[in-house]
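Each remark here refers to the structure printed beneath this line.
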Amino acid sequence: MYKEFLIAYIRNCNDFILNANGPILYRSGEDVAKTLSEKSLDEIKDLMGFEYEISEGKITFTVRDSIEAESFEKSDKPICFMLQGFFAEISKNIFKLKKTRCKEIKCKAKGDKKCVFIVEAK
């Protein structure tokens, strides 16, 4: 019976982290990206290990090994908040804009093979 209590506790902690800390994690990603503002997108790509594709008004980022996704056994929604903030912030420099919008459309925590993010200019 103790095992069931422990599993329920961990599941509830994960729910709390996802729901309560999402904005904090997002801002943390933005803060890290700001430290790289002098680097090119290709330099950042080499540091972080992601792929990207730029098309009119948007950038698609693909991450194969998201630490955030790997930290959760399973989720029913995307959970890579730090990467969302990170990609939104570095995209501001690329588009030369004050605001961008980032959405994670695939997530390894949901069972997808990789995490995919779409950043659009606002």
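None of the figures in this text is laboratory data; all of them are computed from the coordinates on show. Treat the numbers as computed from the prediction; the structure is a model and nothing was measured. Every residue, glycine as well, gets a Cβ built from its backbone with ideal geometry; the counts of neighbours run over all protein chains shown.
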At q = 0.13 1/Å the base-10 log of I(q)/I(0) from the Debye formula over the alpha-carbon atoms of the range 55-100 is -0.36
Under 29 Å from the Cα of Lys39 - lysines, other chains or at least 8 residues apart: Lys58, Lys92, Lys96, Lys98, Lys99, Lys103, Lys106, Lys108, Lys113, Lys114, Lys122
Give me the distance in nm between label points sitting 7 Å out from Cα along the Cα-to-Cβ direction at Glu56 and Ile105, one decimal. 1.6 nm
Please report, in cubic angstrom per residue, the volume enclosed by the convex hull of the alpha-carbon atoms of the range 2-121. 102 Å³
Would you please put 34-46, 52-64, 101-113, 75-87 in order of how densely packed they are, using the mean number of other Cβ atoms within 10 angstrom per residue and starting with the highest? 75-87, 101-113, 52-64, 34-46
